Amino acid sequence: MDYEGQICRAPMERSSFMLPVMVGCSYNRCKFCNLFRHLTYRELPSEQIEEELKRVKSAGGNPKKIFLGDGNAFGLRTEKLLKILERIHTYFPDCGCINMDATVTSILQKSDEELLLLHDNGVRHLYLGIESGLDDVLLFMDKDHNLSQAYEAIRRLKKAGLIYDAHIMTGVAGKGRGQENAKWLAEFLNTTKPAHVVNFSMFLHKEVPLYVHIEDGTYHPADELENLKEERTLLDLLKAEILYDGFHDYIKVRVRGKLPYEREKLKEKLDRVIAGYADEEPFYAYVQGECPDLKRCDDLDKVWNMN
(Lines give C-alpha, C1' and ligand atoms only; values in the text may rest on other atoms or scores of the structure.)
Protein backbone atom coordinates (compact mmCIF):
# COMPACT_ATOMS: atom_id res chain seq x y z
CA MET A 1 0.00 0.00 0.00
CA ASP A 2 1.28 3.45 -0.94
CA TYR A 3 0.40 5.33 2.24
CA GLU A 4 1.28 8.97 2.85
CA GLY A 5 1.85 9.84 6.49
CA GLN A 6 1.63 7.53 9.51
CA ILE A 7 -1.01 4.87 10.00
CA CYS A 8 -3.30 5.89 12.85
CA ARG A 9 -6.31 3.89 13.95
CA ALA A 10 -7.96 2.55 17.08
CA PRO A 11 -6.55 -0.73 18.45
CA MET A 12 -9.87 -2.44 17.67
CA GLU A 13 -9.08 -1.90 13.96
CA ARG A 14 -5.70 -3.61 13.99
CA SER A 15 -7.04 -6.61 12.08
CA SER A 16 -8.95 -4.49 9.57
CA PHE A 17 -7.86 -3.74 6.02
CA MET A 18 -7.04 -0.03 6.12
CA LEU A 19 -8.15 1.70 2.93
CA PRO A 20 -6.84 5.28 2.56
CA VAL A 21 -9.44 7.67 1.15
CA MET A 22 -7.76 10.94 2.15
CA VAL A 23 -4.42 12.31 3.29
CA GLY A 24 -4.38 14.05 6.66
CA CYS A 25 -7.33 15.47 8.57
CA SER A 26 -9.90 17.92 7.21
CA TYR A 27 -10.14 19.63 10.63
CA ASN A 28 -6.57 19.42 11.95
CA ARG A 29 -6.89 22.24 14.49
CA CYS A 30 -6.96 20.45 17.87
CA LYS A 31 -4.23 22.16 19.91
CA PHE A 32 -2.80 18.93 21.35
CA CYS A 33 -2.58 16.88 18.12
CA ASN A 34 0.50 16.30 15.98
CA LEU A 35 -0.76 13.38 13.89
CA PHE A 36 -1.44 15.29 10.70
CA ARG A 37 0.22 18.71 11.03
CA HIS A 38 3.00 17.83 8.61
CA LEU A 39 0.51 16.77 5.91
CA THR A 40 -1.46 18.82 3.40
CA TYR A 41 -5.04 17.63 3.54
CA ARG A 42 -6.54 16.30 0.33
CA GLU A 43 -9.11 13.74 -0.76
CA LEU A 44 -7.73 10.85 -2.76
CA PRO A 45 -9.12 10.43 -6.29
CA SER A 46 -11.58 7.60 -6.88
CA GLU A 47 -9.17 5.95 -9.31
CA GLN A 48 -6.46 5.66 -6.66
CA ILE A 49 -8.88 4.20 -4.14
CA GLU A 50 -10.09 1.62 -6.66
CA GLU A 51 -6.53 0.68 -7.60
CA GLU A 52 -5.88 -0.20 -3.95
CA LEU A 53 -9.01 -2.34 -3.86
CA LYS A 54 -7.87 -4.10 -7.04
CA ARG A 55 -4.41 -4.69 -5.58
CA VAL A 56 -5.75 -6.35 -2.45
CA LYS A 57 -8.24 -8.41 -4.46
CA SER A 58 -5.56 -9.62 -6.88
CA ALA A 59 -3.34 -10.56 -3.94
CA GLY A 60 -6.06 -12.89 -2.66
CA GLY A 61 -7.39 -10.60 0.04
CA ASN A 62 -11.00 -10.88 1.18
CA PRO A 63 -11.39 -8.54 4.17
CA LYS A 64 -14.52 -8.83 6.28
CA LYS A 65 -13.80 -5.51 8.01
CA ILE A 66 -12.40 -2.31 6.46
CA PHE A 67 -11.23 0.90 8.10
CA LEU A 68 -11.25 4.07 5.99
CA GLY A 69 -8.26 6.33 6.65
CA ASP A 70 -7.11 8.96 7.43
CA GLY A 71 -8.44 11.47 9.95
CA ASN A 72 -12.22 12.10 9.78
CA ALA A 73 -13.08 10.01 6.72
CA PHE A 74 -16.73 10.49 7.68
CA GLY A 75 -16.32 14.13 6.75
CA LEU A 76 -16.23 13.23 3.05
CA ARG A 77 -19.30 14.21 1.08
CA THR A 78 -21.98 11.55 1.36
CA GLU A 79 -22.00 11.06 -2.41
CA LYS A 80 -18.29 10.25 -2.42
CA LEU A 81 -18.59 7.97 0.59
CA LEU A 82 -21.40 6.04 -1.10
CA LYS A 83 -19.29 5.57 -4.22
CA ILE A 84 -16.43 4.23 -2.09
CA LEU A 85 -18.80 1.87 -0.28
CA GLU A 86 -20.21 0.65 -3.60
CA ARG A 87 -16.69 -0.09 -4.88
CA ILE A 88 -15.82 -1.93 -1.65
CA HIS A 89 -18.87 -4.18 -1.95
CA THR A 90 -18.12 -4.82 -5.62
CA TYR A 91 -14.63 -6.12 -4.85
CA PHE A 92 -15.38 -7.62 -1.42
CA PRO A 93 -19.04 -8.66 -1.18
CA ASP A 94 -18.33 -10.50 2.09
CA CYS A 95 -17.27 -7.28 3.84
CA GLY A 96 -19.90 -6.56 6.46
CA CYS A 97 -18.29 -3.80 8.52
CA ILE A 98 -16.83 -0.51 7.29
CA ASN A 99 -15.54 1.79 10.05
CA MET A 100 -13.87 5.20 10.21
CA ASP A 101 -13.01 8.22 12.32
CA ALA A 102 -15.57 11.01 12.53
CA THR A 103 -16.04 14.34 14.24
CA VAL A 104 -19.17 15.66 15.91
CA THR A 105 -19.42 18.30 13.19
CA SER A 106 -19.12 15.78 10.35
CA ILE A 107 -22.06 13.85 11.82
CA LEU A 108 -24.21 16.94 12.39
CA GLN A 109 -23.59 18.08 8.81
CA LYS A 110 -25.27 14.95 7.47
CA SER A 111 -29.03 14.60 7.38
CA ASP A 112 -30.86 11.75 9.11
CA GLU A 113 -31.52 10.28 5.66
CA GLU A 114 -27.81 10.39 4.80
CA LEU A 115 -26.85 8.71 8.09
CA LEU A 116 -29.36 5.93 7.48
CA LEU A 117 -28.20 5.51 3.89
CA LEU A 118 -24.56 5.15 5.00
CA HIS A 119 -25.58 2.57 7.59
CA ASP A 120 -27.56 0.64 5.00
CA ASN A 121 -24.46 0.58 2.78
CA GLY A 122 -22.24 -0.99 5.43
CA VAL A 123 -20.92 1.78 7.69
CA ARG A 124 -20.89 0.53 11.28
CA HIS A 125 -18.42 2.00 13.83
CA LEU A 126 -17.66 5.72 14.05
CA TYR A 127 -14.74 6.75 16.28
CA LEU A 128 -15.34 10.14 17.90
CA GLY A 129 -12.67 12.24 19.63
CA ILE A 130 -14.70 13.22 22.70
CA GLU A 131 -11.49 13.90 24.71
CA SER A 132 -13.00 15.70 27.75
CA GLY A 133 -16.19 16.02 29.77
CA LEU A 134 -15.68 19.76 30.30
CA ASP A 135 -16.92 22.36 27.84
CA ASP A 136 -14.27 24.94 28.73
CA VAL A 137 -11.52 22.38 28.03
CA LEU A 138 -13.03 21.50 24.64
CA LEU A 139 -13.18 25.21 23.78
CA PHE A 140 -9.60 25.85 24.91
CA MET A 141 -8.28 22.85 22.96
CA ASP A 142 -10.09 24.09 19.84
CA LYS A 143 -12.15 20.94 19.43
CA ASP A 144 -14.89 21.15 16.84
CA HIS A 145 -17.72 20.62 19.33
CA ASN A 146 -19.16 21.23 22.76
CA LEU A 147 -20.87 18.58 24.89
CA SER A 148 -24.39 19.55 23.84
CA GLN A 149 -23.44 19.09 20.19
CA ALA A 150 -21.78 15.77 20.99
CA TYR A 151 -24.93 14.50 22.71
CA GLU A 152 -26.98 15.47 19.66
CA ALA A 153 -24.58 13.90 17.15
CA ILE A 154 -24.48 10.63 19.10
CA ARG A 155 -28.27 10.55 19.43
CA ARG A 156 -28.63 10.93 15.68
CA LEU A 157 -25.98 8.39 14.67
CA LYS A 158 -27.47 5.81 17.04
CA LYS A 159 -30.94 6.47 15.63
CA ALA A 160 -29.53 5.50 12.22
CA GLY A 161 -28.13 2.25 13.64
CA LEU A 162 -24.50 3.34 13.68
CA ILE A 163 -22.19 2.32 16.53
CA TYR A 164 -20.38 4.99 18.52
CA ASP A 165 -16.86 4.51 19.93
CA ALA A 166 -15.18 7.21 22.03
CA HIS A 167 -11.61 8.46 22.13
CA ILE A 168 -10.76 10.29 25.37
CA MET A 169 -7.59 11.68 26.98
CA THR A 170 -6.62 11.73 30.62
CA GLY A 171 -4.58 14.84 31.35
CA VAL A 172 -6.35 17.02 28.81
CA ALA A 173 -7.94 19.29 31.45
CA GLY A 174 -4.55 20.22 32.92
CA LYS A 175 -3.06 20.35 36.40
CA GLY A 176 -5.46 19.95 39.30
CA ARG A 177 -8.49 19.18 37.13
CA GLY A 178 -8.14 15.45 36.57
CA GLN A 179 -10.74 14.43 39.13
CA GLU A 180 -13.21 17.02 37.86
CA ASN A 181 -12.72 15.84 34.29
CA ALA A 182 -13.11 12.18 35.29
CA LYS A 183 -16.44 12.95 36.98
CA TRP A 184 -18.00 14.78 34.06
CA LEU A 185 -16.49 12.51 31.42
CA ALA A 186 -17.95 9.49 33.24
CA GLU A 187 -21.37 11.16 33.23
CA PHE A 188 -21.12 11.76 29.49
CA LEU A 189 -20.01 8.20 28.72
CA ASN A 190 -22.57 6.63 31.04
CA THR A 191 -25.28 8.59 29.26
CA THR A 192 -24.12 8.09 25.67
CA LYS A 193 -22.96 4.45 26.14
CA PRO A 194 -20.17 3.96 23.57
CA ALA A 195 -19.36 0.39 22.56
CA HIS A 196 -15.64 1.06 23.08
CA VAL A 197 -13.66 3.69 24.95
CA VAL A 198 -10.02 4.22 24.01
CA ASN A 199 -8.15 6.43 26.46
CA PHE A 200 -4.92 7.84 25.01
CA SER A 201 -3.35 9.64 27.97
CA MET A 202 -2.28 12.98 26.53
CA PHE A 203 1.20 13.67 25.24
CA LEU A 204 2.62 17.17 25.73
CA HIS A 205 4.11 17.58 22.30
CA LYS A 206 6.70 20.29 21.72
CA GLU A 207 5.60 20.95 18.13
CA VAL A 208 1.88 21.68 18.56
CA PRO A 209 0.02 24.88 19.53
CA LEU A 210 -0.66 23.67 23.08
CA TYR A 211 3.05 23.83 23.90
CA VAL A 212 3.01 27.61 23.45
CA HIS A 213 0.40 27.79 26.21
CA ILE A 214 2.61 25.65 28.45
CA GLU A 215 5.54 28.00 27.86
CA ASP A 216 3.56 31.19 28.51
CA GLY A 217 1.77 29.76 31.55
CA THR A 218 -1.78 29.82 30.17
CA TYR A 219 -1.92 26.00 30.40
CA HIS A 220 -0.49 24.04 33.31
CA PRO A 221 -0.05 20.37 32.42
CA ALA A 222 -0.90 17.50 34.72
CA ASP A 223 1.92 15.14 35.63
CA GLU A 224 1.71 11.43 34.88
CA LEU A 225 0.75 10.48 38.43
CA GLU A 226 -2.26 12.79 38.29
CA ASN A 227 -3.21 11.24 34.94
CA LEU A 228 -3.11 7.75 36.47
CA LYS A 229 -5.30 8.89 39.36
CA GLU A 230 -7.74 10.50 36.93
CA GLU A 231 -8.07 7.23 35.05
CA ARG A 232 -8.54 5.36 38.34
CA THR A 233 -11.47 7.62 39.24
CA LEU A 234 -12.94 7.34 35.76
CA LEU A 235 -12.94 3.53 35.98
CA ASP A 236 -14.67 3.75 39.35
CA LEU A 237 -17.43 5.96 37.92
CA LEU A 238 -18.12 4.23 34.61
CA LYS A 239 -21.31 2.19 34.99
CA ALA A 240 -22.25 1.41 31.37
CA GLU A 241 -21.21 -1.79 29.60
CA ILE A 242 -18.06 -0.69 27.76
CA LEU A 243 -14.97 -2.29 26.28
CA TYR A 244 -12.24 -0.10 27.78
CA ASP A 245 -8.65 0.29 26.62
CA GLY A 246 -6.38 2.80 28.38
CA PHE A 247 -2.86 3.72 27.24
CA HIS A 248 -0.14 5.56 29.11
CA ASP A 249 2.53 5.13 26.48
CA TYR A 250 5.02 7.47 28.11
CA ILE A 251 5.33 5.15 31.12
CA LYS A 252 4.28 2.01 29.20
CA VAL A 253 1.16 1.20 31.20
CA ARG A 254 -1.97 -0.20 29.62
CA VAL A 255 -5.23 -1.30 31.23
CA ARG A 256 -7.97 -2.95 29.21
CA GLY A 257 -11.06 -5.03 29.85
CA LYS A 258 -14.83 -5.11 29.85
CA LEU A 259 -16.66 -2.81 32.21
CA PRO A 260 -18.22 -3.20 34.66
CA TYR A 261 -17.25 -6.88 34.90
CA GLU A 262 -13.48 -6.42 35.02
CA ARG A 263 -13.49 -3.11 36.86
CA GLU A 264 -11.75 -4.38 40.00
CA LYS A 265 -8.96 -6.02 38.02
CA LEU A 266 -8.26 -2.80 36.11
CA LYS A 267 -8.38 -0.69 39.27
CA GLU A 268 -6.01 -3.04 41.08
CA LYS A 269 -3.50 -2.74 38.24
CA LEU A 270 -3.69 1.05 38.35
CA ASP A 271 -3.40 1.03 42.14
CA ARG A 272 -0.11 -0.87 41.87
CA VAL A 273 1.24 1.57 39.29
CA ILE A 274 0.10 4.60 41.31
CA ALA A 275 1.77 3.24 44.44
CA GLY A 276 4.99 2.73 42.50
CA TYR A 277 5.12 6.39 41.45
CA ALA A 278 3.73 7.91 44.65
CA ASP A 279 7.09 8.96 46.10
CA GLU A 280 8.72 10.06 42.83
CA GLU A 281 9.27 13.61 41.67
CA PRO A 282 6.52 14.79 39.27
CA PHE A 283 7.28 13.97 35.64
CA TYR A 284 5.48 14.87 32.44
CA ALA A 285 4.79 13.21 29.08
CA TYR A 286 6.91 15.62 27.05
CA VAL A 287 7.62 14.27 23.56
CA GLN A 288 8.82 15.36 20.15
CA GLY A 289 8.79 13.92 16.63
CA GLU A 290 6.03 12.36 14.55
CA CYS A 291 3.80 9.41 15.50
CA PRO A 292 4.56 6.58 15.78
CA ASP A 293 8.20 7.66 16.18
CA LEU A 294 7.69 9.86 19.21
CA LYS A 295 10.75 10.44 21.40
CA ARG A 296 10.95 11.39 25.04
CA CYS A 297 12.33 14.88 25.44
CA ASP A 298 14.50 13.84 28.37
CA ASP A 299 16.58 10.93 27.07
CA LEU A 300 15.23 10.53 23.51
CA ASP A 301 14.04 6.96 24.04
CA LYS A 302 11.25 5.94 21.70
CA VAL A 303 7.77 6.23 23.19
CA TRP A 304 5.00 4.06 21.77
CA ASN A 305 3.55 0.96 23.35
CA MET A 306 0.89 -0.79 21.29
CA ASN A 307 1.30 -4.26 22.84
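The values are calculated or read from the model by the stated rules, or taken from the named source; none is laboratory data. Just so you know, these numbers come straight off a predicted model, no measurement behind them. For neighbour counting, all protein chains shown are included, and Cβ atoms are generated from backbone atoms with ideal geometry for every residue, glycine included. The protein model used for the area step is the full one, side chains on, heavy atoms only, and it has no ligands, DNA or RNA in it. Shrake-Rupley method; radii C 1.70, N 1.55, O 1.52, S 1.80 Å.
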Any idea which of 143, 110 is outside any helix (DSSP H, G or I), in contact (Cβ under 8 Å) with a residue 60 or more places away in the chain and basic (Lys, Arg)?
143
Looking at residue 136, is it assigned to a loop (DSSP other than H, G, I, E, B), over 17 Å from residue 68 (Cβ atoms) and more than 15 Å from the chain's Cα centre (by Cα)?
no
Quick one: count up the residues across the range 11-33 that are assigned to a loop (DSSP other than H, G, I, E, B), farther than 20 Å from residue 105 by Cα and modelled with pLDDT under 90.
2
Looking at this structure, is residue 151 out of contact with any Lys or Arg (no Cβ under 6 Å at 6 or more places or on another chain), aromatic (Phe, Trp, Tyr), surrounded by fewer than 18 Cβ atoms within 10 Å (Cβ to Cβ) and touching a residue at least 40 places away in the same chain (Cβ under 8 Å)?
yes
Quick check on the range 102-126: of everything there that is surrounded by fewer than 24 Cβ atoms within 10 Å (Cβ to Cβ) and of a type in the set (Ser, Thr, Tyr), which residue is farthest from residue 88 (Cα to Cα)?
105
Within the range 93-101, can one find any residue that is surrounded by 23 or more Cβ atoms within 10 Å (Cβ to Cβ), closer than 29 Å to residue 179 by Cβ, modelled with pLDDT of 95 or more and among the hydrophobic types (A, V, I, L, M, F, W, C)?
no
Residue, nearest to the chain's Cα centre (by Cα), within the range 31-69, restricted to residues that are over 13 Å from residue 88 (Cβ atoms) and of a type in the set (Ser, Thr, Tyr)
41
Every residue from the range 275-291 that is open to solvent by 50 Å² or more (accessible area, probe 1.4 Å) and touching a strand residue (DSSP E or B) at 6+ places or on another chain (Cβ under 9 Å)
284, 286, 288
What is the one condition in (1) buried (at least 21 other Cβ atoms within 10 Å of the Cβ); (2) not in a loop (DSSP other than H, G, I, E, B) that residue 202 does not satisfy?
(2)
Taking the range 225-245, which residues are open to solvent by 10 Å² or more (accessible area, probe 1.4 Å) and among the charged types (D, E, K, R)?
226, 229, 232, 236, 239, 241, 245
